[in-house]
């Protein structure tokens with residue numbers, strides 16, 4: 001099995017102190033995609049951030065202590081793509097891609113971090129701009145002769161099953177009708193697939209919990225972390241789970257095994 005993990009760590013240095021890298025090594029994963037590293041390269045000189053036997057790459061935001069993504073891979077990538085060639089998006093460190101050849105399969109695995117629009121209206125407008133931009137980019141991806149696994153925090157809960165209090169959140173960023181319609185398009189006409197739902201249809205499966213109140217204790221969560229995949233790789237998805245035994249951040253790792 002080819003195991004891929006996606007997790008928003010809400011600060012890679014904080015996650016490291018909570019045992020993230022020790023846990024990661026025990027998972028026997030092939031590729032680990034991380035979001036919201038909140039660190040610059042010069043802050044990651046300690047060897048713990050460059051795990052042995054992994055190819056590691058970071059894409060930091062220009063703004064210190066903000067955003068940023070990373071990938072750790074047990075397989076050497078043929079190509080590394082940093083950013084998506086849009087300055088407003090790339091300066092926030094929101095996309096990193098490794099290209100591989102796996103068993104004669106052209107495979108791209110990316111770590112993506114969509115902006116949240118919950119802090120202020122201008123950020124929600126930027127989120128809509130990002131969604132429009134990604135729609136065009138992903139349309140082009142589908143025309144390539146490659147399989148894609150785009151891992152990350154998409155900051156959108158797609159369906160009612162993906163959020164505990166869906167009635168009370170219909171006017172909140174992350175569950176707005178426009179955002180959900182965009183996901184419908186992504187998983188519909190665009191032809192991408194939610195790999196988790198290919199193999200796990202259970203309710204109450206969440207990847208993020210607010211730090212307010214007793215959200216974690218009462219499992220009042222949102223599923224906003226995804227592995228968005230092309231049809232060829234979706235057929236290979238065999239097992240999907242969300243790791244909750246130990247917490248490294250306000251998100252939980254999403255783990256999917258592919259038979260490729």
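Looking across region 3-19, the residues that are in a helix (DSSP H, G or I) and either free of Cβ contacts under 8 Å to residues at least 40 places away in the same chain or buried (at least 21 other Cβ atoms within 10 Å of the Cβ) (or both) come down to 12, 13, 15, 16, 17.
Going residue by residue through region 41-52, is there one that turns out to be in contact with a strand residue (DSSP E or B) (Cβ under 6 Å, 6 or more places away or on another chain), outside any loop (DSSP other than H, G, I, E, B), within 24 Å of residue 245 (Cβ to Cβ) and touching a residue at least 24 places away in the same chain (Cβ under 8 Å)? No, region 41-52 has no match at all.
Here is a yes/no grid of residues against (1) surrounded by fewer than 20 Cβ atoms within 10 Å (Cβ to Cβ); (2) at pLDDT 95 or above; (3) not in a loop (DSSP other than H, G, I, E, B):
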{"position": "178", "(1), (2), (3)": "yes, yes, yes"}
{"position": "212", "(1), (2), (3)": "yes, no, no"}
{"position": "226", "(1), (2), (3)": "no, yes, yes"}
{"position": "247", "(1), (2), (3)": "yes, yes, no"}
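Let's see how each residue does on (1) in a loop (DSSP other than H, G, I, E, B); (2) free of Cβ contacts under 8 Å to residues at least 60 places away in the same chain; (3) within 15 Å of the chain's Cα centre (by Cα); (4) surrounded by fewer than 22 Cβ atoms within 10 Å (Cβ to Cβ):
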| site | (1), (2), (3), (4) |
| --- | --- |
| 81 | no, yes, no, yes |
| 84 | yes, yes, no, yes |
| 97 | no, yes, yes, no |
| 136 | no, yes, no, yes |
| 141 | no, no, no, yes |
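When residue 51 is tested against the conditions (1) modelled with pLDDT of 95 or more; (2) out of contact with any helix residue (DSSP H, G or I) (no Cβ under 9 Å at 6 or more places or on another chain); (3) under 25 Å from residue 107 (Cα atoms), the lone failure is (2). Of the residues making up region 26-39, those that are touching a strand residue (DSSP E or B) at 6+ places or on another chain (Cβ under 9 Å) and either crowded, with 24+ Cβ neighbours inside 10 Å or within 21 Å of residue 250 (Cα to Cα) (or both) are 27, 31, 32, 33, 34, 35, 36, 37, 39.
The values are calculated or read from the model by the stated rules, or taken from the named source; none is laboratory data. Just so it is clear, the model here is predicted, and its values are computed rather than measured. Here Cβ is always computed from backbone atoms with ideal geometry, including for glycine, and neighbour counts include all displayed protein chains.
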